[in-house]
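Below is one structure, written out as structure tokens; the observations come after it.
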Amino acid sequence: MARENWTSSIGFILASAGSAIGLGNIWKFPYMAGTNGGGTFVFVYLLCVFLIGLPVMCSEMLIGRVTRRNVINALGKIELISSSTFGRNILCFLAGAAMVLFASIHAWLLAGASLIGAVAFARKGFAAVGWVCAILSFAILSYYAVVGGWIVEYIWRSLTATFTDIEGVTAIEVAKQSTAEFGAYTANPWRVLIGFAIFMALTGAVILGGIQAGIERVSKILMPALFVLLLVVIVRSVTLPGAWEGVVFLLKPTAAAFSPKVIMMALGQAFFSLSLGMAITVTYGSYLKRDQSILHAAGWVGILDTLAALLAGLAIFPAVFSVGLDPSAGPGLIFGALPATFATMPLGAIWATAFFFMLLIAAVTSSASLLECTATVLIERMRKHHKRCTRRCAVWIAFITCSLAGLLSVFSTADWTYLPCVEKGVRWCLGSLTQGNWFDTLDNLCSNWGLPFTALIIALLIGWVYGTRRAKINLLSSDASKNPPKWLLTAWGISVKWIAPVAILIVFLTMSGLLKL
């Protein structure tokens with residue numbers, strides 16, 4: 001069966017932007033900025049995106065296009081092309097260091113996984129890292145879809161005029177009420193399950209259509225619609241009284257808010273937002289034609305992704321400050337505090353519907369890319385043993401298994417009440433990395449540990465094993481008119497070989513307590 005391709009460069013860019021622009025930009029970025037110093041977090045985040053994130057993104061696209069395989073086979077083939085055992089030695093050393101680190105914080109499950117990883121890396125090399133990337137994309141979708149379900153719930157609430165004008169009630173009182181309602185909603189897993197199931201069904205429907213008829217066609221429609229809706233909400237938000245305070249909070253850095261934690265949070269957010277280290281970009285790159293420039297495509301994806309995050313901040317923080325709400329409300333900022341803004345607006349239900357529908361667009365395009373990664377691995381691995389395996393069969397298997405895994409997050413979005421036995425096991429296995437529930441624990445493991453680790457491996461693979469000299473040739477398009485200037489290639493090589501690995505290692509050492517800054 002012939003492998004599909006993107007029909008155009010714009011289709012690939014919009015699909016890749018769709019995978020990157022999601023809840024990480026419109027839900028997670030605002031609350032991360034709100035809880036980590038506002039403009040200071042934004043400044044560090046921008047540095048992480050352009051100095052580390054985009055070079056790693058180019059590397060992942062390169063791996064996909066050169067090999068035209070799923071992430072597991074792709075990483076293995078790149079190592080085979082390189083004809084070097086140097087990379088395996090690096091992998092084994094990193095796995096050993098990770099084992100010591102996790103054992104020191106009593107995260108016994110991860111310490112054991114690192115030991116198994118060291119053995120797997122020694123035997124399978126970078127193909128074993130491909131499995132880590134595939135597992136990460138699977139795990140992220142399992143809790144990402146829960147937030148997608150929240151969006152479905154709030155679209156229903158806005159359509160049924162839950163957000164209407166409230167006379168004689170202050171915004172703060174409305175905020176307290178809406179935050180309490182959000183807490184009550186997430187504490188009821190059976191209600192959360194309904195939205196989760198609907199969101200997963202939407203994601204599966206997009207993937208069943210394939211690359212051209214499904215992901216590319218949907219992205220060409222939904223990405224422009226997303227930016228239009230963002231601009232509409234921004235216009236309303238910045239015209240509210242006192243909105244300028246929110247703009248200043250978002251865009252003005254302060255030295256007092258700077259800390260190593262902010263760097264780690266910004267780096268993890270950059271990888272999560274750009275969909276790096278989770279097999280998406282490798283998978284999408286494997287459908288990329290040779291006449292398309294990777295640097296050009298990655299640059300546009302990075303610009304659109306960063307623009308979406310900043311626009312989301314401009315849509316939210318001015319409105320939050322205008323009614324005197326707390327910008328550090330955390331994950332509940334959009335679902336708990338922001339509805340108070342809509343409640344005090346004329347035609348609040350219409351604005352709420354537009355905002356949450358915009359959020360749904362961003363969520364579906366990203367969740368579709370996550371499910372596509374798992375489906376692609378299944379298709380190509382299963383066809384080794386079952387030649388008649390179809391895309392539809394693989395998508396159904398990926399859809400069902402991910403939905404089942406997501407039930408853990410569904411039943412623990414508030415706390416561990418419904419999963420007491422799971423809580424005991426998780427606390428023993430993960431030690432101090434355990435958060436208030438499984439949802440937060442999984443997000444912490446994936447965003448702040450897993451994604452930076454796999455991105456580090458990708459940078460080492462391309463920068464030191466495959467080699468930047470050989471990589472530069474494959475970054476370019478067969479059409480010379482589409483290629484960027486040579487200085488940009490040189491800058492990419494320096495970043496992927498030196499800046500990205502060193503920066504990620506420093507952040508890891510700082511967060512583990514082994515390095516004091």
Notebook entry, point to check: Within region 278-293, is even one residue at pLDDT 80 or above and either touching a Gly at 6+ places or on another chain (Cβ under 8 Å) or part of a helix (DSSP H, G or I) (or both)?
Noted result: yes
Check: Restricting the search to region 153-176, which residues are in a helix (DSSP H, G or I) and at pLDDT 75 or above?
Finding: 153, 154, 155, 156, 157, 158, 159
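Every residue, every condition in (1) within 28 Å of residue 304 (Cβ to Cβ); (2) modelled with pLDDT of 70 or more; (3) not in a helix (DSSP H, G or I), yes or no:
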| site | (1), (2), (3) |
| --- | --- |
| 324 | no, yes, yes |
| 330 | yes, no, yes |
| 335 | yes, yes, no |
| 384 | no, no, yes |
| 396 | no, yes, no |
Check: Out of all the residues in region 27-42, which are part of a helix (DSSP H, G or I) and under 15 Å from residue 273 (Cβ atoms)?
Finding: 27, 28, 29, 30, 31, 32, 33, 41, 42
Note to self: Looking for something of a type in the set (S, T, N, Q) and more than 16 Å from residue 40 (Cβ to Cβ) - is there at least one such residue anywhere in region 303-310?
What the structure shows: yes
Check: Does residue 180 fit the bill of being within 19 Å of residue 411 (Cα to Cα), in a helix (DSSP H, G or I) and either in contact with a strand residue (DSSP E or B) (Cβ under 6 Å, 6 or more places away or on another chain) or at pLDDT below 80 (or both)?
Finding: yes
Next item on the list: Search region 67-87 for residues that are within 14 Å of residue 287 (Cα to Cα) and pair each with any residue that is basic (Lys, Arg) when their beta-carbon atoms are under 7 Å apart and the residues are at least 6 apart or on different chains.
Entry: 67/77; 68/3; 69/77
Next item on the list: Find all pairs meeting these conditions: Cβ atoms under 6 angstrom apart; at least six residues apart or on different chains; first residue within region 89-107 and under 25 Å from residue 465 (Cα atoms); second residue not small (Gly, Ala, Ser).
Entry: 90/460; 91/121; 92/121; 95/121; 99/115
Margin query: Here are the criteria: (1) surrounded by 17 or more Cβ atoms within 10 Å (Cβ to Cβ); (2) at pLDDT 80 or above. Tell me which single one residue 244 does not satisfy.
Written below: (1)
Next item on the list: Taking residue 236 as the residue in question, decide whether it is modelled with pLDDT under 85 and part of a helix (DSSP H, G or I).
Entry: yes
Margin query: Suppose we keep only residues that are at pLDDT below 75 and not β-branched (Val, Ile, Thr) within region 342-357. Which one would you say is surrounded by the fewest Cβ atoms within 10 Å (Cβ to Cβ)?
Written below: 346
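Yes/no matrix, rows are residues, columns are (1) surrounded by 24 or more Cβ atoms within 10 Å (Cβ to Cβ); (2) farther than 16 Å from residue 107 by Cβ:
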| residue | (1), (2) |
| --- | --- |
| 365 | yes, yes |
| 392 | no, yes |
| 400 | no, yes |
| 407 | no, yes |
| 411 | no, yes |
| 420 | no, yes |
| 431 | no, no |
| 435 | no, no |
| 461 | yes, yes |
Checklist line | Criterion violated by residue 28 - all others in (1) modelled with pLDDT under 85; (2) of a type outside the set (Val, Ile, Thr); (3) in contact with a Gly (Cβ under 8 Å, 6 or more places away or on another chain); (4) within 30 Å of residue 229 (Cβ to Cβ) satisfied | finding: (3)
Note to self: Given the condition free of Cβ contacts under 8 Å to residues at least 60 places away in the same chain and in a helix (DSSP H, G or I), answer yes or no: does some residue in region 139-150 qualify?
What the structure shows: no
Margin query: If I filter region 108-121 down to residues being touching a residue at least 60 places away in the same chain (Cβ under 8 Å) and surrounded by fewer than 19 Cβ atoms within 10 Å (Cβ to Cβ), which single residue comes out as nearest to residue 454 (Cα to Cα)?
Written below: 109
Check: Of the residues that make up region 438-445, is at least one hydroxyl-bearing (Ser, Thr, Tyr), at pLDDT 85 or above, surrounded by 16 or more Cβ atoms within 10 Å (Cβ to Cβ) and within 21 Å of the chain's Cα centre (by Cα)?
Finding: yes
Notebook entry, point to check: Just a yes or no: is a residue in region 488-502 hydrophobic (A, V, I, L, M, F, W, C), touching a Phe, Trp or Tyr at 6+ places or on another chain (Cβ under 9 Å) and part of a helix (DSSP H, G or I)?
Noted result: no
Note to self: Can you confirm whether residue 406 is within 30 Å of residue 194 (Cβ to Cβ), part of a helix (DSSP H, G or I) and among the small types (Gly, Ala, Ser)?
What the structure shows: yes
Margin query: Let me confirm something: among 244, 300, which residue is out of contact with any His (no Cβ under 9 Å at 6 or more places or on another chain) and either among the acidic types (Asp, Glu) or closer than 21 Å to residue 368 by Cβ (or both)?
Written below: 300
Checklist line | Criterion (β-branched (Val, Ile, Thr) and either modelled with pLDDT of 85 or more or in contact with a helix residue (DSSP H, G or I) (Cβ under 6 Å, 6 or more places away or on another chain) (or both)) met by exactly one of 376, 417, 390 | finding: 376
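The values are calculated or read from the model by the stated rules, or taken from the named source; none is laboratory data. Since this is a predicted model, take the numbers as computed values, not measurements. Positions of Cβ are backbone-derived with ideal geometry, glycine not excepted, and every protein chain shown enters the neighbour counts.
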